[in-house]
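A short write-up of the structure that comes next.
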There are 2 protein chains.
Amino acid sequence: MNRAPIGVYDSGFGGLTVLRELRRALPDAEFVYLGDAGRAPYGGRDAEVILGLAEQCVERLFSEGCRVVVVACHTVSSVALRHLQARYAGPQRERAVLGVTIPAAELAVEHASTRGGRIALVATARTVASGTFTTECHKLAPVEVIERAAPLLAPLVEEGWEDTDIAHLAVRRYVAGLDASVVVLGCTHFPLLRGAFEAALDCPVLDPAPFVAGRLVDWLARHPEFSVSEGPPRFLSTGDPDAFAAHGSRFLGAPVAGVQHVAETAGRLEPAARVVPRGQVVRA
Amino acid sequence: MNRAPIGVYDSGFGGLTVLRELRRALPDAEFVYLGDAGRAPYGGRDAEVILGLAEQCVERLFSEGCRVVVVACHTVSSVALRHLQARYAGPQRERAVLGVTIPAAELAVEHASTRGGRIALVATARTVASGTFTTECHKLAPVEVIERAAPLLAPLVEEGWEDTDIAHLAVRRYVAGLDASVVVLGCTHFPLLRGAFEAALDCPVLDPAPFVAGRLVDWLARHPEFSVSEGPPRFLSTGDPDAFAAHGSRFLGAPVAGVQHVAETAGRLEPAARVVPRGQVVRA
């Protein structure tokens, strides 16, 4: 099989914190990142809606030539991963869709089994409603797990307010009374709030992204049929490409350039100029 | 024509602050309120997406027997009102769709012409991108208008944090340096933050909702063909009906009971039990 880039899919900017770790682990690999910023946030959406959005995004990444897609978003990984795998993996294993929930659970359980105590996941409302992280932890060990929803944190980071008093107060409010021996950042936006989490908590705070990257390296070694092409990263966004370029570097820790806008056309995401209409919009 | 209830449509809970004023102005009238909380927030969405959501919501209110629908949401009023009017008003004027942008502009211009100075609208990103409020003000008078986006405030109120330090700090941050003689609350969520706005500003803060209610009373007097039925209010939500009942009373200033869940089925909103799936969702 030909070499192909690795797709990375997220509801917005947040997954760039995962891409940062993937690039550290695989510095020569070519990545195509798709952020669904025009339709974010996903965290409060119904599961069925998320499945539909995820299908479009993953299909776009396959159209870009990717054969492996990493779903960086915990919300999508928690509710839609099995669906995406069943729909797209194919009988010849010509495509693969990987998520972040199982690596996050492995990391947390590894930590709990060496130090004991209770694991807490802080995540979006939809991730928490799914209970998938707890289910995956319990497949590994009989650990105690709490999941807590923090719906405002991802929008707050998207707004660029991660270093404000507001961010610190919001994190403190969400983790108040959380009795845990380790807290897992269960949303790709939260690594930008790591300082606020550490200031508000007495226990270790884990970002699963480096562990996710290590797991991908292992997986690629076990699956040589998915050989990876080399090249600079490419970026696609359903939202404003200029905003993506401007804010994205905070998440990636490196400049973000040449963002391609994609928009929904007849149920598919296709490259399109971004049009922001002024005034009333009247459609036939 | 038969008497009919008045429909009130909003992206979530916020429009209940408008319904509160409508009920004050028309205490015997029957209202049907539809909050699209399951698909909110609208404020960062593309205009085309908002048109599609608005069509479904307005059609549901017509199916509930309404002949007049008040679009309480400033985001929908700013981008989709003309579309909804063109699509649904009908040649025999058997239906009507009314918005909040023109009343808000009338109120602001009236204020500016007696006191002078610059009008500021604080609203969602989509409302500000449309520029519709400024356009409507300029149709009335050559006033100076600034529009400022405050994307986090509606989610913050939906979270129930309107009385926290976080709310005060967020409002202060958004209105910093706003040089205006009057500030208009251009989102139905913001009346719950009125105290924070007044604390952060030296100028009057206007909630258009009472003026919108007065305008509806005038409109009904001029259009006796739209006679209004009497009865207690009914509530529909695309989100969690229990959350709607629990949080809604803060916005309505009165108990909210008997919320009917509606869900998208084949492009229409239909009454449906609310199902929150646990774990992974796999669709055929």
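Here is how the numbers come out for the structure above:
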read-out	value
Residue-span extension gain [A:I146 to A:R118] - 0.36 nm each, minus C-alpha spacing	9.3 nm
Built amide H within the under 5 Å cut-off of A:A263, gap 5+	A:E270, A:A272
Tensor-based shape of the range B:73-212 (alpha-carbon gyration tensor, a/c under 1.5 rounded, otherwise prolate or oblate)	oblate
Long-range HN-HN contacts of A:V32 with modeled amide H, under 5 Å	A:I6, A:G7, A:V8, A:R234
Cβ-vector label at 7 Å, B:A243, separations to other copies in nm	2.2
Efficiency of FRET from Cβ geometry, A:D242 and B:D202, R₀ 35 Å, rounded to 0.05	0.55
Given charges at beta-carbon only (K, R positive; D, E negative), |dipole| of chain B in Debye	400 debye
Where labels lie 7 Å past Cα in the beta-carbon direction, separation of A:R93 and A:R278 in nm	5.7 nm
In nm, spacing of pseudo-spin labels at A:T265 and A:E110 (7 Å Cα→C-beta vector)	4.4 nm
Exam field: B:P277 pseudo-label spacings to other copies (7 Å along Cα-Cβ), nanometres	3.2
Chain A, helix-only ellipticity at 222 nm - DSSP H runs n ≥ 4, -39,500 (n - 2.57), divided by all residues, nearest 500	-13000 deg cm²/dmol
Peptide-level mean, for B:270-281, of C-beta atoms on other protein chains within 10 Å	5
Separation in nanometres of the label points that stand 7 Å from Cα toward Cβ, at A:F62 and B:A25	5.2 nm
Beta bridges by DSSP in the protein assembly as shown, antiparallel share as percent, to the nearest 5	15 percent
Neighbourhood charge, 9 Å Cβ-Cβ cut-off, centred on A:S63 and excluding it, Lys, Arg +1 and Asp, Glu -1	-1
Potential extension, A:D218-A:R172 segment - 0.36 nm per residue separation minus Cα distance	12.9 nm
Among B:T134, B:H111, B:T124 - extreme Cα towards positive end, dipole of the range B:101-207, charges at beta-carbon	B:T134
Ascending count of other beta-carbon atoms within 10 Å, so fewest first, for A:L220, B:L178, A:L236	B:L178, A:L220, A:L236
Taking only Cα atoms of the range A:121-169, radius of gyration then Dmax in Å	13.8, 39
Kirkwood hydrodynamic radius of the protein assembly as shown, Cα pairs, Å	24.7 Å
Cα gyration tensor shape of the range B:1-155, rounded if a/c is under 1.5, else prolate or oblate by comparing a/b with b/c	prolate
GNM top mover of B:T134, B:T17, B:T101 - chain B, alpha-carbon springs below 10 Å	B:T134
DSSP-defined antiparallel bridges as percent of all bridges, chain B, nearest 5	15 percent
Viscosity 0.692 mPa s, 37 °C: Kirkwood-radius Stokes-Einstein D of chain A over Cα pairs, µm²/s	171 µm²/s
Pairwise FRET efficiency - B:K139 versus B:S229, Cβ, R0 = 45 Å, nearest 0.05	0.85
Shape call, the range B:146-218: gyration tensor on alpha carbons, a/c limit 1.5	oblate
Average beta-carbon neighbours from other chains, 10 Å sphere, peptide B:78-90	3
The range B:119-185-the range A:1-53 distance, computed between alpha-carbon centres (Å)	32 Å
Using θ = phi - 60° and Karplus 6.51 cos²θ - 1.76 cosθ + 1.60, couplings along the range A:75-83 (whole Hz; Gly, Pro as x)	4, 5, 4, 6, 10, 10, 5, 4, 4
Shielding of A:41-47 by partner chains, average beta-carbon count, 10 Å	5
Per-selection Rg to Rh, the range B:1-85 - Cα, Kirkwood hydrodynamic radius	0.96
Calculated label separations, A:G160, copies of the chain, 7 Å along the beta-carbon direction, nm	3.3
Ratio of Rg to Rh over the range A:215-284 (Cα coordinates, Kirkwood Rh, two decimals)	1.14
Net charge over other residues, Cβ less than 10 angstrom from the Cβ of A:S227 (K, R count +1; D, E count -1)	+1
Lys, Arg +1 and Asp, Glu -1 on Cβ, resulting dipole of the range B:101-207 about Cα centre, debye, nearest 20	300 debye
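Just so you know, all these numbers are worked out from the coordinates, no wet-lab data involved. Computed from a prediction, not measured in an experiment: that's the story for all the values here. For neighbour counting, all protein chains shown are included, and Cβ atoms are generated from backbone atoms with ideal geometry for every residue, glycine included.
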